[in-house]
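S.K.: Supplied in structure tokens, the structure appears directly below.
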Amino acid sequence: EAGVTQFPSHSVIEKGQTVTLRCDPISGHDNLYWYRRVMGKEIKFLLHFVKESKQDESGMPNNRFLAERTGGTYSTLKVQPAELEDSGVYFCASSQEPYGYTFGSGTRLTVV
Amino acid sequence: LAKTTQPISMDSYEGQEVNITCSHNNIATNDYITWYQQFPSQGPRFIIQGYKTKVTNEVASLFIPADRKSSTLSLPRVSLSDTAVYYCLVGDSRGRGSTLGRLYFGRGTQLTVWP
């Protein structure tokens, strides 16, 4: 079965620009998560979708971040406008009970 | 949620057994211990989970003493391809870390295997 796929693998943008990251979970997985790791820090939870609904978005850092999951399939994470401190690696994961997580390879975002 | 403490880094040579110990003094009765492995430019990957005593799979073994305040991930005969960051997570089953489904990662242990 195909794993969790993230696009793009790497993005370099200027401060103030907008970037949209995409995650395609494993087909049939209701749970979709976004995590990120900024330089030198731990991997931190951002939010959790169950199908198309946001189950928990308490990890979203501020209102410049907007996550959507259309029809309960793929998800996008938009950063608008991007700031320097948003640089890091953004991971997406999906899961389906009773199985565990599968992570994507991440999107490395560099804001210059 | 139980906080975990691991060594920041470890070095080993090919063919050796590597043991990475994780401390989790505040582990709750219902908590499981889960280890993830992360290679450069990849997301974390589940490798093993246990509740008590010993668990073994094709990749690793997990040793958990009776008091469950620590655990040891054992990698037999490591190879260069085992160079990665290893994370210890504590929470409900599948390392979810909470009933809300999120995982709580620490800094992990960077294992470097040398030829």
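S.K.: So which residues in the range B:24-48 are touching a Cys at 6+ places or on another chain (Cβ under 9 Å) and more than 20 Å from B:Pro76 (Cα to Cα)?
M.R.: B:His24, B:Gly43
S.K.: Anything in the range A:68-112 that is away from chain B (no Cβ under 14 Å), aliphatic (A, V, I, L, M) and out of contact with any helix residue (DSSP H, G or I) (no Cβ under 7 Å at 6 or more places or on another chain)? List them, or say none.
M.R.: Hits for the range A:68-112 are A:Leu77, A:Ala82, A:Leu84, A:Val112.
S.K.: Among the residues of the range B:2-44, what is the count of those that are within 14 Å of the chain's Cα centre (by Cα), farther than 15 Å from A:Glu42 by Cβ and outside any loop (DSSP other than H, G, I, E, B)?
M.R.: The qualifying residues number 12.
S.K.: Might you let me know whether the range A:40-55 holds any residue that is open to solvent by less than 80 Å² (accessible area, probe 1.4 Å), under 21 Å from B:Tyr36 (Cα atoms) and in contact with a Cys (Cβ under 7 Å, 6 or more places away or on another chain)?
M.R.: Checking the range A:40-55: not a single residue is open to solvent by less than 80 Å² (accessible area, probe 1.4 Å), under 21 Å from B:Tyr36 (Cα atoms) and in contact with a Cys (Cβ under 7 Å, 6 or more places away or on another chain).
S.K.: Okay, next question. Being touching a helix residue (DSSP H, G or I) at 6+ places or on another chain (Cβ under 7 Å) and either buried (at least 16 other Cβ atoms within 10 Å of the Cβ) or not basic (Lys, Arg) (or both) narrows it down to one of B:Pro115, B:Pro76, B:Pro65, B:Pro44, so name that one.
M.R.: Details: B:Pro76 fails: touching a helix residue (DSSP H, G or I) at 6+ places or on another chain (Cβ under 7 Å); B:Pro65 fails: touching a helix residue (DSSP H, G or I) at 6+ places or on another chain (Cβ under 7 Å); B:Pro44 fails: touching a helix residue (DSSP H, G or I) at 6+ places or on another chain (Cβ under 7 Å).
Only one candidate passes the filter, namely B:Pro115.
S.K.: Further question on the same structure: Looking at the range A:79-95 only, could you name the residues that are of a type outside the set (Gly, Ala, Ser) and surrounded by 15 or more Cβ atoms within 10 Å (Cβ to Cβ)? Talk me through it step by step, then tell me what you get.
M.R.: The first filter runs over the range A:79-95 and keeps only residues of a type outside the set (Gly, Ala, Ser), leaving A:79-81, A:83-86, A:89-92.
Answer for the range A:79-95, where residues must be of a type outside the set (Gly, Ala, Ser) and surrounded by 15 or more Cβ atoms within 10 Å (Cβ to Cβ): A:Val79, A:Asp86, A:Val89, A:Tyr90, A:Phe91, A:Cys92.
S.K.: Could you count how many residues in the range A:54-66 are away from chain B (no Cβ under 14 Å) and either hydrophobic (A, V, I, L, M, F, W, C) or touching a His at 6+ places or on another chain (Cβ under 7 Å) (or both)?
M.R.: Total satisfying the criteria: 2.
S.K.: Across the range A:11-39, what is the number of residues that are part of a strand (DSSP E or B), open to solvent by less than 60 Å² (accessible area, probe 1.4 Å) and of a type outside the set (Val, Ile, Thr)?
M.R.: Final tally of qualifying residues: 10.
S.K.: Let me ask something else about it. Go through the range B:48-68 and count every residue that is under 30 Å from A:Gly88 (Cα atoms) and free of Cβ contacts under 8 Å to residues at least 24 places away in the same chain.
M.R.: 1
S.K.: Restricting the first residue to the range A:42-64 and requiring it to be part of a strand (DSSP E or B), which pairs with a second residue that is basic (Lys, Arg) and surrounded by fewer than 16 Cβ atoms within 10 Å (Cβ to Cβ) meet a Cβ separation below 8 Å and a spacing of at least six or different chains?
M.R.: A:Leu47/A:Lys54; A:His48/A:Lys54
The values are calculated or read from the model by the stated rules, or taken from the named source; none is laboratory data. Computed from a predicted model, the values in this text were never measured in an experiment. Heads up, the Cβs are rebuilt from the backbone with ideal geometry, glycines too, and the neighbour counts pull from every protein chain shown. Keep in mind that these areas ignore ligands, DNA and RNA; they rest on the heavy atoms of the full protein, side chains included. Shrake-Rupley method; radii C 1.70, N 1.55, O 1.52, S 1.80 Å.
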